[in-house]
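For reference, the structure is listed below as structure tokens.
Derivation of every value follows stated rules applied to the coordinates shown; laboratory data play no part. All figures in this text were calculated on a predicted structure; none of them were measured in a lab. Neighbour counts are summed over all protein chains in view; Cβ atoms, including those assigned to glycine, are modelled from backbone coordinates with ideal geometry.
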Amino acid sequence: MARYPRRRSILAVAVTVLVGATGYVVAGAPAPPASAAIGPLVWSDEFNGPAGTPPSSSRWRYDIGGGGWGNSELEYYTSSTSNAALDGNGNLVITARRENPANYNCWYGRCQYTSARLLTSGTFTQAYGRFEARMKIPRGQGLWPAFWMLGDNIGSVGWPTSGEIDIMENIGREPSTVHGTIHGPGYSGGGGVGAGYTLPGGQAFADAFHTFAVDWEPNAITWSVDGIQYSRKTPADIGGNRWVFDHPFFIIMNVAVGGAWPGSPDASTVFPQTLTVDYVRVYQYTSDGGGGSGATGPIVGFGGKCVDVAGANTANGTRVQLWDCNGTAAQRWTMAADGTIRALGKCLDVSGGSTANGARVQLWDCNGTGAQRWQATAARDLVNPQSNKCLDATDVSSANGTPLQIWECHGGANQKWTVPA
């Protein structure tokens, strides 16, 4: 596995600060306009699974080693569940530890720390769209958590020609500030091209979960924290250098310890420290300029029947069922840009937010929860990523009035759907 440097020197930090008043945004400042047209959810990990189990091998690989990673980092990255594991509460936990039980060697001698660095190289890449994660970051001098991306052509062209998009970086001595940055040929050093975002009132990012995202479209990348957009970069911002953000990238999450930018841990740094990840989601980019809603029409399933809101009733909790297709508003569904599926002004919802087999599907006020997120796959499944289960016609029935539920995905005909496109 190649080493991917993120080069940021102590001098670069000073330069970033001097870039100035426009380089840092405090929460509540006016946001720039929305950037990309964001389509349906196309990839996600909700990290549901038993405590102590590793993250899904179908989604994540590991970088392993202690060579410093181009930044003089001090940790040895492992694939051990001691450093990356599910917590049983719907989170992935990446843990940096001050220990070396396996006697690993690092570039400076015997390693002092272990941590983990996960990536989707070889499992998932995408050009453009929204890349988003909800995270609670670690705290302490010398800690360097990051959620970022590299171009999938790095093996052939190298870094920085491959491009790098840092969605979120934090260094422990700046507990209230995160950074969003791009790196490419001619703008790889000096901290790259980016900006910082600072929470108000001395709040620390380690105190609570926050949502970090980029909206990436041709010739523009826009960063946000908790839905507040704080930076937007275009080819005009890179000083005449080459814009290299026009091909697929893969995702990386890690917690580095030490390095030229954050500096080393000191006596104040408490270990272990954790990066807790609630979810990672990727949405498709659409070129129609719409961002708010997608295609609208019937969802046709088992027996040629349509997904239907019982009685066209808009009350919360109304059953969603199969019924003869009739073209009414009760069967007109919109595949919305935020991953929801909407009819009659409300959302397709898993009752009670349950993740259990047999949980009924209903109509409910749209509320942004995982119970209302859906992913249409190429295999014609409609997956609820929160539960990792499929929309299912109960009892393999196509009779009018058959209620819909979620169930483990098994590829049966009662789980196949043709959605609006």
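Brief remarks follow.
- Low-density loop cleavage sites - chymotrypsin sites (Phe, Trp or Tyr not before Pro) in region 73-168, where at most 15 other Cβ are within 10 Å (DSSP): W107, Y108
- Here's how it looks for W144: its modeled amide H is under 5 Å from those of A256, G258, which are all 5 or more places away or on a different chain.
- Farthest positive-ward along the chain dipole, Cα basis, beta-carbon charges - from S351, Y62, G240: Y62
- Cα-only radius of gyration and Dmax that characterise region 91-191, units Å: 15.6, 42
- Here the relative contact order of the chain, from alpha carbon pairs under 8 Å that lie six or more residues apart, stands at 19 percent.
- Once the convex hull of all Cα atoms in region 10-285 is built, its volume per residue stands at 126 Å³.
- Inter-label distance, nm, simple model (7 Å from Cα along the C-beta direction), S57/S268: 4.3 nm
- Rounded to 10°, Cα long-axis angle of helix 10-19 versus longest principal axis of the chain: 60 degrees
- Using θ = phi - 60° in the Karplus curve 6.51 cos²θ - 1.76 cosθ + 1.60, the 3J(HN,Hα) couplings for region 106-119 round to 10, 4, 9, x, 5, 5, 9, 9, 10, 7, 9, 9, 9, 8 Hz; x is entered for Gly and Pro.
- Nonlocal amide H pairs with Y113, under 5 Å, H built at 1.01 Å: Y76, E99
- The calculated 222 nm mean residue ellipticity attributable to helices in the chain amounts to -1000 deg cm²/dmol, summing -39500 (n - 2.57) over DSSP H runs of n ≥ 4 and dividing by all residues.
- Annotation: average projected area of region 296-415 is 6.3 square nanometres, based on the convex hull of Cα atoms across all directions.
- J(HN,Hα) series, region 349-359, from Karplus relation 6.51 cos²θ - 1.76 cosθ + 1.60, nearest Hz, glycine and proline x: 9, 8, 3, x, x, 5, 10, 8, 3, x, 5
- Between the beta carbons of D207 and C325, assuming R0 = 41 Å, the FRET efficiency works out to 0.20 to the nearest 0.05.
- Relative intensity, log₁₀ I(q)/I(0), of region 150-308 from a Debye sum that treats every alpha carbon as a point, q = 0.14, 0.15, 0.21 Å⁻¹: -0.85, -0.94, -1.53
- Restricting region 198-265 to trypsin sites (Lys or Arg not before Pro) that sit in a DSSP loop and have at most 16 other Cβ atoms within 10 Å of their own Cβ leaves R242.
- Legend: P(r) of region 204-243 from all alpha carbon pair distances, 5 Å bins from 0, whole percents, reading 6, 21, 23, 18, 13, 9, 7, 3.
- Loop-located trypsin sites (Lys or Arg not before Pro) in region 76-145 (DSSP state not H, G, I, E or B) with no more than 16 neighbouring Cβ atoms inside 10 Å: R98.
- Theoretical FRET efficiency, 1/(1+(r/R0)^6), r = Cβ-Cβ of T369 and T81, R0 35 Å, to 0.05: 0.80
- Residue-wise HN-Hα coupling along region 411-417, computed from phi with Karplus coefficients 6.51, -1.76, 1.60 (Hz; x: Gly, Pro): x, x, 4, 7, 10, 9, 9
- DSSP assigns beta bridges within the chain; of those with both partners inside it, close to 95 percent run antiparallel.
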